Amino acid sequence: MTNKSSLSKLSFILTATILLWIKTYIVYKTQFDIKIENATQEFILFINPLSFLLLILGIGLFFKTEKGRNRYTIITSFIITFVLFANVMFYRFFNDFLTLPVLFQTSNMGDLGNSAFELFKWTDILMFIDVIVLAFLAKYLSKKKEVDEGLSLGVSRKTRFAYYVAVLAVFISNLALAETERPELLTRAFDREMLVKNIGTYNYHIYDAVLQSKTKAQRALADSSEFVEIENYLKANQKAPNEELFGAAENKNVIIVSLESLQDFVIGNTVNGQEVTPFLNDFIEESYYFENFYHQTGQGKTSDSEFLLDNSLYPLGRGSVFFTHGGNEFNGTPELLKDKGYYSAVFHANNRSFWNRDVVYPRLGYDRFFSLADYEVTPENSVGWGLKDKEFFEQSVEHMKTLPQPFYSKFITLTNHFPFELDEEDKMVDEFDSNSRTLNRYFPTVRYMDEAFKYFIEDLKAEGLYENSIIVVYGDHYGISQNHNVAMEQYLGKEVTPYQWTQLQKVPMIVHIPGEEHKGKKISKVSGQIDLKPTLLHLLGIDTKDHVQFGSDMFSEEKMDFAVLRDGSFITDKYVYADNKCYDKSTEEETNLSACEPYMEKAKQELDYSDKIVYGDLLRFYEGKNYRLEKTEDHN
Ligand code: GP9
Ligand code: MN
C-alpha cells in the first residue's frame, strides 16, 4: 500500500476531525463564557478538542471498507455535534456544562425541557452543517473511487499504529500544558469551566463518566446492614444539649459567614505593630468565641467546610466530596430547617459550578444560590479571585432584604484567597517582611476582610437584621500552607513542628446571639467544623438525638474535647497526635505514643464510619425518627 492511498483513506477522517475541531472552538468562543487570561490558555483552549476527536474518529481506520468507514465517520460526527449542541442548550439555561448526574436529575431536566423551545435558536442548525457536508462528500467521493478497488481495503496496521501514537502525543502535550497552567487540575480544581477550558469538553465528559461509574459501583455494593453498626456508634456518642442555650435562637434568622482562608493565629495578633483583625477582636467581646476550634477540610477546601457545616459528616481523604458524591442523599441543615419554616440561601460571588455547588446546594436543601450572575462585577470592584469582599457584602445585603424570614443564610468571602492580591487603596496594614510573598501578603488581605466584615455588620444593623439574627462566623480552612513554614517560624518566633502545624489548623469560630452580648465568653473546649451543625440546631431549638451526625453541641457540658483532622491527626484536651507522634500540650513537646493511643482508634473509626456513609450513600437507608420518615425508600 502506498503512502498516497493511506493518506486518502485518512483524508475523510481528517476532514471530519478538522471540521469538528474548528466547530468546537467556534462554539467555545461564541456560546460559552470561558475566561481566558493569557495566550497559553487560549492555545490550550484551541487544541483541547483535538485529542478526543482524533481518538474517536480514528476508530474509522479499523473499518475494512470505505463505505463503512465513511458511514462511521458521519454518524460519529453527528453524535459528537449533538453532545456539543446539548451542552450549548444546557449552558444557556444553567451557565454550566452537562454532567451525568445532572442529566439524570429529573428536576433539572424538567426545567430545561420546558424552556428547551425558548432556548433554541434557528442559527443552532448551523452547528450541523459540517455533518451534511460530510454526507455529500462521502457520496460524491465514493462514486468517483469505485473504480479503484484497492482503496476499498482496510488501512494497514502500521498506519493505524502511527496514527494512535500521534493521538497519544497530542493528548499528553495537551495535558502537560494544562497542568503547568493549572496544577492538580484533575484532583483539585473541580470547576467544570476549568476542566473544559483545559482538557476540552469531550475529554471532560469522559472524565465525568469515569468518576460517575466509580461512585456508582461503590454505592451499588453498599447495603443498609452497614448502617446498623454506625448508628450504634453514633448513638453511644450522643451528647445532651446545653439546657440554658437550647432554643436560645429559636425562629431567629441564621447568618453564617465563611471567612476565606482565615486562620486563628491572626486573631488578637499584630503585624508591624498593627492589629490584624481589629473588628473581629471587638466582635469576639460580645459573642461566644471558641478558641480551640479546628478546620477539618481536605482537598475540597471551601466546599469541604461547607459539607462539614451542613451535614456534620467528614469530607473525603481525596478529592472534593461536593464533586465526587454531590448526588448523594443528605439531611442538610437547610433541608431540616424547612420543617421550621425557614427559607435558605447561599451568597457567593463566584461561578455557580465552582466546586459543583449548583448541583449540591439543592440537594442540601438550599432554596436559592446568589452566585456570580447575581452580582454586579466590574474590573474596578474586583481583585484576585473576583468581587471584593466589601462590594460582595454590600450587594448581598440588598439581596438579603428580599428574603422571606426566618432565613438560614451562608456568605462565602473571596478576597482573602491565595495569592492574596489587594489593591493599594485597600491596604490598611503593611505586608509582613519575610522570604514568603504569600505570608507577607496574607496580613493585608486578612485586614481588608476584617474591615469588610465590619461594614457587613453595620449594614445588618442599619437594615434591622442584626437584632433578629444569630451570626456564626468561622474560617473555612488554612491560608498558609506548609511551604511557608520558614516564614511562619519567623512570624511566630518558634519552630513549626508537627505539633505547631496542627495548632495552626485552628480557625476562628464566633457565635453571636442577640440578647447574649453580655456573655462575651471564650470557650476553650476542643471542637471542629463537624460540630457546627448540632450546635446550631440546638440553638434553634431542634433536638438532634436521632440525627446522623459525627459532631456534638459545642455548648454542651458533656462535649468531649476532641477534633480529628482529615489527615488523621487529632487534638484532645491534653494531647495532639500528628505525623505519627504524640505531643503533650502542656509542654508542646513530643511524649510517649501510648498517651495518644486511647484516642487513636476513635479517630480512625470516626473517619472510617463517615467515609462509609459517603461512599455507600448510606443516608438513603436511614430511618430518622423525628423527621422525614418518607425517606426510608431509595429514590434513586
Ligand atoms: C471558590 C472559593 C474558594 O468559589 O470558595 O475556593 P477554595 O480554593 O478556597 O476552596
Ligand atoms: Mn476557601
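A few comments on the model shown:
- Any hit, the range 206-227, residues being at pLDDT 90 or above and either out of contact with any Lys or Arg (no Cβ under 6 Å at 6 or more places or on another chain) or over 23 Å from I530 (Cβ atoms) (or both): yes
Condition check ((1) within 22 Å of the chain's Cα centre (by Cα); (2) of a type in the set (V, I, T)) across all residues:
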residue	(1), (2)
Y314	yes, no
V321	yes, yes
N328	yes, no
N351	yes, no
F370	yes, no
V383	yes, yes
P406	no, no
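- When the residues of the range 251-292 are filtered to those that are within 16 Å of ligand 1 (Cβ to nearest atom) and not hydrophobic (A, V, I, L, M, F, W, C), the one that is surrounded by the most Cβ atoms within 10 Å (Cβ to Cβ) is S261.
- Here the condition is being assigned by TED's automatic domain parsing to the domain that holds D282, open to solvent by 30 Å² or more (accessible area, probe 1.4 Å) and touching an Asp or Glu at 6+ places or on another chain (Cβ under 8 Å); of D476, D459, it holds for D459 alone.
- Total residues in the range 402-429, condition among the β-branched types (V, I, T) and either assigned to a helix (DSSP H, G or I) or at pLDDT below 95 (or both): 0
- Flag for L403 being among the aliphatic types (A, V, I, L, M), buried (at least 17 other Cβ atoms within 10 Å of the Cβ) and within 16 Å of ligand 2 (Cβ to nearest atom): no
- Leading residue by the ranking (nearest to L308 (Cα to Cα)) among those in the range 474-503 that are outside any helix (DSSP H, G or I) and within 16 Å of ligand 1 (Cβ to nearest atom): D476
- None of F570, F562, F555 is out of contact with any strand residue (DSSP E or B) (no Cβ under 7 Å at 6 or more places or on another chain), assigned by TED's automatic domain parsing to the domain that holds E285, modelled with pLDDT of 95 or more and not charged (D, E, K, R) except F555.
- Hits in the range 347-359 - residues which are surrounded by 24 or more Cβ atoms within 10 Å (Cβ to Cβ) and either without any contact (Cβ under 8 Å) to a residue 40 or more places away in the chain or more than 11 Å from ligand 1 (Cβ to nearest atom) (or both): F347
- The range 251-277, residues that are hydroxyl-bearing (S, T, Y) and away from ligand 2 (no atom under 15 Å from the Cβ): T270, T277
- Odd one out for F443, checked against (1) surrounded by fewer than 23 Cβ atoms within 10 Å (Cβ to Cβ); (2) more than 16 Å from ligand 2 (Cβ to nearest atom); (3) in a helix (DSSP H, G or I): (1)
- If you go through the range 296-346 and keep only what is outside any helix (DSSP H, G or I), open to solvent by 10 Å² or more (accessible area, probe 1.4 Å) and farther than 17 Å from R357 by Cα, you end up with G317, R318, D339, K340, G341, Y342, Y343.
The values are calculated or read from the model by the stated rules, or taken from the named source; none is laboratory data. Fair warning: this is a prediction, and the values are worked out from it, not measured in the lab. All Cβ positions, glycine included, derive from the backbone under ideal geometry; neighbour counts span all protein chains shown. Accessible surface is based on the protein model in full, side chains and every heavy atom, while ligands, DNA and RNA are left aside. Shrake-Rupley method; radii C 1.70, N 1.55, O 1.52, S 1.80 Å.
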